[in-house]
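**Student:** My questions will all concern the structure given below.
Derivation of every value follows stated rules applied to the coordinates shown; laboratory data play no part. The structure displayed is predicted, hence computed values, not measured ones. Backbone-built Cβ (ideal geometry, glycine too); neighbour counts: all protein chains shown.
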Amino acid sequence: MNIIDIINKKKNKEILTSKEINYVVENYMNDNITDYQMSSLLMAIVINGMNEAETFNLTDAMIKSGKILDLSGINGVVVDKHSTGGIGDKTSLVVLPIATSLGVKIAKMSGRGLGFTGGTIDKLESIKGFKTDLKTDTFIKNVNNIGMSLISQTEDLVPADKKIYALRDVTGTTESIPLIASSIMSKKIASGADKILLDVKVGKGAFMKNITDATLLAKEMVKIGKRFNKETIAVLTNMDYPLGRTIGNSLEVIEAINTLDNKGETRFTELCLHEASYMVSMAKNIDIKSASMLVEEAFLSKKGLEKFKEFVSAQGGDINKIKVEEDVIKVVSSKEGYVRDIDSLNLAKLCNDLGAGRKNKKDVINEKVGIRINKLYGDFVNKGDILFEVYTKENLEIKELEKNFILTKEKPQDIKIIYKIIK
Ligand code: URA
């Protein structure tokens, strides 16, 4: 077997065998296959695709490059959740404690963010004292005692994905459904949960810009999950606008706490309750309607908030110590009308420039900076109203910032938050 034949096969739209895929991953990991050969193969995959069996075999080969987390010491059904990434996506911080308060076990490994803002782990680290590098036995003990624990991804969790993803990032080979699906699912399967909920974001602020592509990705990931005998459900959700009102690490943690306290933004709260219901339905093997009733009750009685406090304190954090930037720029509207559009991507890039996210792996995040949105899609704005606030010490051009909001005379149509469910 040799890599040139394998590249040629994929170039000629042929199907790679499981032996060939294993050969590629193993030899790329021990440096017998070079970066330029791997890039060439990845580009052939981007252009000619992979069928279901090839995608499964690639996922499997990547999992075998590292260790599978052993969660057999946990009593109960462990459900994992993954979001393909959104702007202001603090959903996990709300969904997981609500699901846990109803008996779902959460033992989650989360990556650090390389993007507009930090990932879930970075967000949690904006809580003073919060530890994300627990030893495996403490991690398992916390899940058994409290019901949930979140730690940062260990080095041996799918090392092949780390190496291949870094190469894809710099060779124009990120946009491929089989490559994205195998990258995400290899990490989910290796994380050891029994069942998986996927939140596939769709829209202007997401990887997947339209429902057709998002559906293909979701179907591919659900199929992979099932082939590994893990019940997997994907929820396709709207990512045209930032989630909730905030973008930025500590601001998002505070918003998640307020949401758990039933003081959150309506659409974001609806999304979280929906996702929590799917997790409960999977863990308890009950229908979604019964699960939603349990979730609604747990939410209204603030069980999720109590669980969040317990979880944070077990990992050394103090929720009364979350710092946000004291200097705030208020962006005031010079016009009136309904908010018809928000340039979510531009706001996210602004947060990234302020230091809320990483441009390079080694960048240090400023957890205190970010944005709070005052006027959401569909809200009426009077002249002089605050559109949004930017938490930063930097001087920014307010006239330019105002351009991120488009107002119209007519009230825009309501938007859908959840597009569809793929099982
Ligand atoms: N997230 C991942 O983990 N991998 C991809 O390829 C894309 C998004």
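**Student:** Report ³J(HN,Hα) in whole Hz for each residue of segment 78-95, in order, from the Karplus equation J = 6.51 cos²θ - 1.76 cosθ + 1.60 where θ = phi - 60°; Gly and Pro get x.
**Tutor:** Calculated HN-Hα couplings, in order: 8, 10, 9, 10, 9, 10, 6, x, x, 8, x, 7, 10, 3, 4, 5, 9, 5 Hz.
**Student:** With N denoting the number of residues in segment 328-408, provide Rg(C-alpha) divided by 2.2 N^0.38 Å, to two decimal places.
**Tutor:** My calculation over the Cα atoms of segment 328-408 gives 1.14.
**Student:** Which of these, LYS64, LYS321, LYS195, has the largest mean-square fluctuation under a Gaussian network model of the chain (Cα springs below 10 Å)?
**Tutor:** Maximum fluctuation in the GNM of the chain, among the listed residues, is at LYS321.
**Student:** P(r) for the chain: what percent of alpha-carbon pairs falls in each 10 Å bin, starting at zero?
**Tutor:** The distribution over the chain is 5, 21, 31, 26, 13, 4, 0, given as percents.
**Student:** For segment 110-166 and segment 34-75, what is the separation of their C-alpha centers, rounded to whole Å?
**Tutor:** Their Cα centres are 21 Å away from one another.
**Student:** Quick one: compute the contact order of the chain, relative version, from alpha carbon pairs under 8 angstrom and 6+ residues apart, as a percent.
**Tutor:** It rounds to 20 percent for the chain.
**Student:** To the nearest 0.05, how large is the calculated FRET efficiency for ASP31 and ASN210 if R₀ is 41 Å and r is the Cβ-Cβ distance? Could you put the intermediate results ahead of the total?
**Tutor:** On the way: r = 39 Å, r/R0 = 0.94.
For R0 = 41 Å, the calculated efficiency reads 0.60.
**Student:** Computed over the Cα atoms of segment 182-335, what is the convex hull's projected area averaged over all directions, in nm²?
**Tutor:** 12.2 nm²
**Student:** Each residue of segment 352-366 in turn: what ³J(HN,Hα) in whole Hz from Karplus with 6.51, -1.76, 1.60 and θ = phi - 60°, glycine and Pro shown as x?
**Tutor:** Karplus-based 3J(HN,Hα) across segment 352-366 equals 4, 4, 6, x, 6, x, 10, 8, 10, 3, 8, 4, 9, 7, 9 Hz.
**Student:** Tell me, how many Å apart are the Cα centres for segment 279-302 and for segment 386-423?
**Tutor:** 31 Å
**Student:** Gain in length, LYS135 to LYS411, computed as 0.36 nm per residue apart minus the alpha-carbon separation, to one decimal in nm?
**Tutor:** 94.1 nm
**Student:** Let me make sure I get this right: for segment 3-49, a, b and c are the square roots of the gyration tensor eigenvalues over alpha carbons, sorted descending. Under 1.5 in a/c it's rounded, otherwise prolate if a/b > b/c, else oblate. Which is it?
**Tutor:** oblate
**Student:** Report the antiparallel proportion of the DSSP beta bridges in the chain as a percent, rounded to a multiple of 5.
**Tutor:** 50 percent
**Student:** Once you sort the root eigenvalues of the Cα gyration tensor of segment 76-226 as a ≥ b ≥ c, which label holds: rounded (a/c under 1.5), prolate (a/b larger than b/c) or oblate (the other case)?
**Tutor:** prolate
**Student:** Where a ≥ b ≥ c are the square roots of the eigenvalues of the C-alpha gyration tensor, would you call segment 112-200 rounded, which needs a/c under 1.5, or, failing that, prolate if a/b is larger than b/c, or oblate?
**Tutor:** prolate
**Student:** Right, another one. Would you mind working out the magnitude of the charge dipole of segment 328-408 relative to its Cα centre, with +1 at each Lys and Arg C-beta and -1 at each Asp and Glu C-beta, to the nearest 20 Debye?
**Tutor:** 280 debye
**Student:** Run the numbers on segment 328-408 and let me know its relative contact order in percent, using alpha-carbon pairs under 8 Å that are six or more apart.
**Tutor:** Details: 148 pairs, mean separation 40.2, N = 81.
For segment 328-408, the relative contact order is 50 percent.
**Student:** Note down the nm distance, to one decimal, between modelled labels 7 Å out along Cα→Cβ at LYS323 and at GLU297.
**Tutor:** Placing both labels 7 Å beyond Cα along the Cβ direction yields 4.3 nm.
**Student:** If you don't mind, there's one more thing I want to ask. Give the relative contact order (percent, whole number) for segment 205-363; include only Cα pairs under 8 Å separated by 6+ residues.
**Tutor:** On the way: 93 pairs, mean separation 34.9, N = 159.
Relative contact order comes out at 22 percent.
**Student:** Tell me the trypsin sites (Lys or Arg not before Pro) within segment 127-169 that lie in a loop according to DSSP and have at most 12 other beta-carbon atoms within 10 Å.
**Tutor:** Qualifying residues, ordered by number: LYS135.
**Student:** FRET efficiency for SER72 and GLU397, Cβ-Cβ distance as r, R0 = 45 Å, nearest 0.05? Please list the in-between numbers first.
**Tutor:** Values: r = 56 Å, r/R0 = 1.25.
Efficiency computed from Cβ-Cβ geometry: 0.20.
**Student:** Here's a follow-up. Helix 288-300 versus the longest principal axis of the chain: what is the Cα-based angle in degrees, 0 to 90, to the nearest 10?
**Tutor:** The angle comes out at about 40 degrees.
**Student:** Provide the per-residue ³J(HN,Hα) series for segment 171-180, in order, calculated from phi with Karplus coefficients 6.51, -1.76, 1.60 and θ = phi - 60°, each as a whole number of Hz, with x at glycine and proline positions.
**Tutor:** So the J values, rounded to whole Hz, are 10, x, 10, 7, 7, 8, 4, x, 6, 5.
**Student:** Measure nothing fancy, just the Cα-based angle from helix 18-29's long axis to the longest principal axis of the chain, in degrees from 0 to 90, nearest 10.
**Tutor:** 70 degrees
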